[in-house]
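First the structure, in the form of structure tokens, and then the observations on it.
Bear in mind these aren't lab numbers, they're just calculated from the coordinates by the rules spelled out. Just so we're clear, the structure is a prediction, and the values are computed from it rather than from any experiment. Glycine also receives a Cβ, built like all others from the backbone with ideal geometry; neighbour counts cover every protein chain displayed.
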Amino acid sequence: MAVLSMEVRLPPPRERRETFPPPRHGHVWIPGYWDWTGARYAWVSGHWEPERRGCHWVPHRWISRDGLWVLQAGGWVADDAGPAQSLARAG
């Protein structure tokens, strides 16, 4: 999984509860996440994306590292990837 180079001192806000439209055939819901604008956090809304057969979506997430917060980008991962490979292959 790709880790973005941005490091932030402030922890991200709590995740928002999103309401989303009914399921769409052949699509996967990509959940929203908090992004950093350089000055503050901004919510990026979730959206439907065409499914990729043999893959699943791993969501964006913030990781605390040495007193800083790092955004780990979400991405598609092969269904046959194990947990360690899932982290390395997304993005």
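What net charge is computed for the residues neighbouring VAL8, neighbours being all others with C-beta under 11 Å from the C-beta of VAL8, Lys and Arg scored +1, Asp and Glu -1?
Values: positive: ARG9, ARG40, ARG65; negative: GLU7, ASP35.
Once all neighbours under 11 Å are counted, the net charge is +1.
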Charge tally for neighbours of ARG61 with beta carbon under 15 Å away, counting Lys, Arg as +1 and Asp, Glu as -1, is 0
Percent relative contact order for region 1-51, counting Cα pairs under 8 Å at least six residues apart, stands at 33 percent
Measuring from label point to label point, each 7 Å out along Cα→Cβ, what is the THR19 to TRP48 span in nm? 1.7 nm
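When the gyration tensor of region 1-54 is built from Cα positions, what are the square roots of 5 times its three eigenvalues, in whole Å, from largest to smallest?
Details: eigenvalues 141, 45, 12 Å².
They are 27, 15, 8 Å, listed largest first.
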